[in-house]
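Contents: one structure, followed by commentary.
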Amino acid sequence: MCGIVGAIAEKNVVPTLVEGLRRLEYRGYDSAGIAVLDNNNCINRVRKPGKIAALESALDDTPLDGNVGIAHTRWATHGIPSESNAHPHVCKKSVAVVHNGIIENFESLRDTQKQQGYTFTSETDTEVIVHQLHKNLNKGVSLLQSVRDTVTELQGAYALGVVVDAESDHLIAARRGSPLVIGLSESGNYIASDIAALISVTQNFIFLEDGDVADIYSDKVTIYSENGKEVEREVHVSALKADAVELGEYEHYMLKEIYEQPAAIAETLEGRISENSVLEESFGTAAKAIFDKIERIQIIACGTSYHAGMVARYGFESLAGIPCQVEVASEFRYRTPVVSPNTLFVTISQSGETADTLAALRAAKDMGYEHTLAICNVAESSLVRESDLVLMTRAGPEIGVASTKAFTTQLVALMLLIVVMGRRRGLDEKTEASIVDQLRHLPRIVEQVLKLDDDIAKLSEKFGSKHHALFLGRGAHYPIALEGALKLKEISYIHAEAYPAGELKHGPLALVDSEVPIIAVAPNDALLDKLKGNLQEVRARGGELFVFADKESGLKAGDGVTVMEIAQIDKAISPIIYTIPLQLLAYHVALIKGTNVDQPRNLAKSVTVE
């Protein structure tokens, strides 16, 4: 989603702003822009649709220089991608703003502002903010007070960076609903929507809370809470390193992150398992007392994280013997669920800033859910800060829009939760020890599966002319089929759907012909014979099969059937293992299709607005 960078320093901030925008490219965007205050306190601005390279080219033609500035990458919500809709937005050459989020009452504000003589040059909701700031400044108040007054008139979500020509020695930041951090350094101070944007200039960060307004000078920062009182916010020292978000030897971030999965899984397990058991303390000091009360699980997530929750449901019910429901966050928050007592409300998110998931968590508290747990990859995120219990996935920065290592580490984290909940419902020590042993060996098994990369690359050539694909799975591998279909459609733009294989006769068979490849996940489990029957139905209708199968499955390659063998593995970890070849398949098909693997069209990494 949109990215904000701002800076006030003792030197020209333009290079820092551009570098910050480049480090936010993974969030997804369609235009970019910069505004700085020059030595004459004039606001100078350059904006361009397209990639940051286009903005850099424009800056070569129209160089900017200034010690205070704001910058933005925009992901279109109101108005098409264009220069006029790109941020920063400026009113009467005196005040400039960058904004993440959505202003829900922008139409009424715009109508009023037009009557007051303001001219609109964009289709965005953001432009009403800059006009409102100008209007309030004209009352003779300071920039700080103008921002305070303006945010009380906004309905919706926002993260703001604001500068004004009359007060060139500082900038203002404000946050509600959209993430915003302040970076602190000896040579200046910064703002950004993500610490990754600033990691090359500082490791020290303050995470603004909802309602906060920050007054930022080059040598000091003052933060005011929603009620206008000056507050202290904790300074966090990030462990993220600048080179952690570099490509290194890889052509794309997605491939890099696929290959980082063994290390990410090992890191997720580090310190959380003993020789034979899961260490319950990993979930926090209050975990045991809370877990003792829990009688059911409610999982809320979006996209790939939702698929992780779907996989976990099988484990919660079959291994832990505890009822589990899984729901898409954007649906949950707009209905009236029946809240059962002693339910653990589990949210799953890579970024911890997913708007619908955050809103669902907050709604759940209002609904009466007493206990919340976040499974998340970003320690400083809103989801983590607002949950009772937290289990970090420790996957490291995930830059590619198509989630890979975040998904597999979520599955690992959920398995740890399944085990500790299962202890309370009859999961015996022998079974727990077996699961722990499988988890301990999981990184090595993933490394073995990654050796199929060249074979999968060759197989992917058969998808070059395809426009549709069907994925099949059964049991806990049906969500893996869903995830495989999502990956393929995300980055190759092939229309892909996934079904439980047993549902073929209820509609999907109508899609089967020689032009629609069928990708199936076939572990050697209790449902294998059923799956084989389903696959025979596909072949009988001319469908071409691509099967990722257990070596002991008995499935053989033949006319119209390609079988890629996967080492025999236990059912507890097999969904994680079968994810890997589907990730590689999507990646290599996208290469053949010539798409932008890391930044697929119309998509954003962090969905911080509805």
Discussion item. In whole percent, and with a 1.4 Å probe on the protein chains, what portion of the accessible area of the stretch 444-523 is carbon and sulfur?
Written reply: 50 percent
Worksheet item: Could you name the aspartates and glutamates in cross-link range of residue 365, using Cα to Cα under 19 Å and dropping any fewer than eight places away on the same chain?
Response: 209, 210, 295, 327, 331, 353, 356, 386, 388
Discussion item. For the chain, give me the percentage of DSSP beta bridges that are antiparallel, rounded to the nearest 5 percent.
Written reply: 60 percent
Worksheet entry | Calculated log₁₀ intensity ratio I(q)/I(0) where the Debye formula runs over C-alpha points of the stretch 164-269, q = 0.15, 0.20 Å⁻¹ | -0.74, -1.03
Worksheet, complete the sentence: Of every Cα-Cα pair in the stretch 66-213, the percentage lying beyond 26 Å is 21 percent
Worksheet item: On a 0 to 90 degree scale, rounded to 10, what angle separates helix 405-422 from the longest Cα axis of the chain?
Response: 70 degrees
Worksheet item: Using helices alone, what [θ] at 222 nm do you get for the chain, with -39,500 (n - 2.57) per DSSP H run of 4 or more residues, divided over all residues and rounded to the nearest 500?
Response: -10000 deg cm²/dmol
Fill in: 10 Å-binned pair-distance histogram of the chain (Cα, whole percent)
3, 16, 25, 24, 17, 10, 4, 0, 0
Worksheet, complete the sentence: In terms of the alpha carbon gyration tensor, root eigenvalues a ≥ b ≥ c, rounded if a/c is under 1.5 and otherwise prolate when a/b exceeds b/c or oblate, the stretch 1-101 is prolate
Discussion item. Loop only by DSSP, 11 or fewer other Cβ within 10 Å of the Cβ. Give me the trypsin sites (Lys or Arg not before Pro) in the stretch 406-477 that pass, ordered by residue number.
Written reply: 451
Fill in: Mean separation of Cα contacts under 8 Å, 6 or more apart, over the residue count of the chain: relative contact order %
12 percent
Worksheet item: Along the charge dipole of the chain, Cβ charges K/R +1 and D/E -1, which of 141, 495, 161 sits furthest on the positive end?
Response: 495
Item to complete: Can you tell me the 0 to 90 degree angle between the C-alpha axis of helix 52-61 and the longest principal axis of the chain, rounded to 10?
Response: 30 degrees
Worksheet item: Rounded, prolate or oblate: which fits the stretch 448-519 when a ≥ b ≥ c are the square roots of the eigenvalues of the alpha-carbon gyration tensor, with rounded for a/c under 1.5 and prolate only if a/b beats b/c?
Response: oblate
Worksheet item: Taking a probe of 1.4 Å, how large is the accessible area per residue of the chain, in Å²?
Response: 38 Å²
Fill in: Apportionment of accessible area to carbon and sulfur, the stretch 185-255, percent (1.4 Å)
42 percent
Item to complete: For residue 434 paired with residue 56, estimate the spin-label separation in nm (one decimal), with each label point 7 Å from Cα along the Cα-to-Cβ line.
Response: 5.5 nm
Practice prompt. Please compute the net charge surrounding residue 160, taking Lys and Arg as +1 and Asp and Glu as -1 over other residues with Cβ under 12 Å from its Cβ.
Written response: +2
Fill in: Sum of side-chain charges, residue 149 neighbourhood, beta-carbon under 13 Å (Lys, Arg +1; Asp, Glu -1)
+2
Fill in: Degrees between helix 429-450 axis and first principal axis of the chain (Cα, 0 to 90, nearest 10)
70 degrees
Worksheet entry | Total charge dipole magnitude, the chain, about the Cα centre, Cβ charges on Lys, Arg, Asp, Glu only, Debye to nearest 20 | 1020 debye
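Please go through the stretch 1-95 and write out the trypsin sites (Lys or Arg not before Pro) that DSSP classes as loop and that have at most 15 other C-beta atoms within 10 Å.
Here the trypsin sites (Lys or Arg not before Pro) that fit, given the DSSP loop and packing criteria, are 11, 92, 93.
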Worksheet item: Which order do peptides 218-230, 373-385, 150-162 fall in by mean Cβ count within 10 Å, highest first?
Response: 373-385, 150-162, 218-230
Discussion item. Using protein chains only and a probe of 1.4 angstrom, how many square angstrom of residue 302 are accessible, to the nearest 10?
Written reply: 40 Å²
Discussion item. Between the stretch 100-133 and the stretch 238-314, how far is it from one alpha carbon centroid to the other, in angstrom?
Written reply: 42 Å
Discussion item. Going through the cross-link list 405/466; 48/220; 405/430; 466/556; 256/551; 93/135, which pairs have a Cα-Cα distance over 21 Å in this structure?
Written reply: 405/466; 48/220; 405/430; 466/556; 256/551
Worksheet item: Can you list the aspartates and glutamates whose alpha carbon is less than 14 Å from that of residue 530, not counting same-chain residues fewer than 8 positions off?
Response: 503
Practice prompt. Find, among the chymotrypsin sites (Phe, Trp or Tyr not before Pro) in the stretch 303-341, those assigned to loop by DSSP (not H, G, I, E, B) with at most 11 other beta-carbon atoms within 10 angstrom.
Written response: 334
Worksheet entry | Within the stretch 434-461, backbone nitrogen closer than 15 Å to the virtual label 7 Å beyond the Cα of residue 276 toward Cβ | 434-438
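The values are calculated or read from the model by the stated rules, or taken from the named source; none is laboratory data. Everything quoted here is computed from the prediction, not taken from an experiment. A quick note on method: Cβ atoms are made from the backbone with ideal geometry, for glycine too, and the neighbour counts reach across all protein chains shown. Side chains included, ligands, DNA and RNA excluded: accessible areas come from the protein's heavy atoms. Shrake-Rupley method; radii C 1.70, N 1.55, O 1.52, S 1.80 Å.
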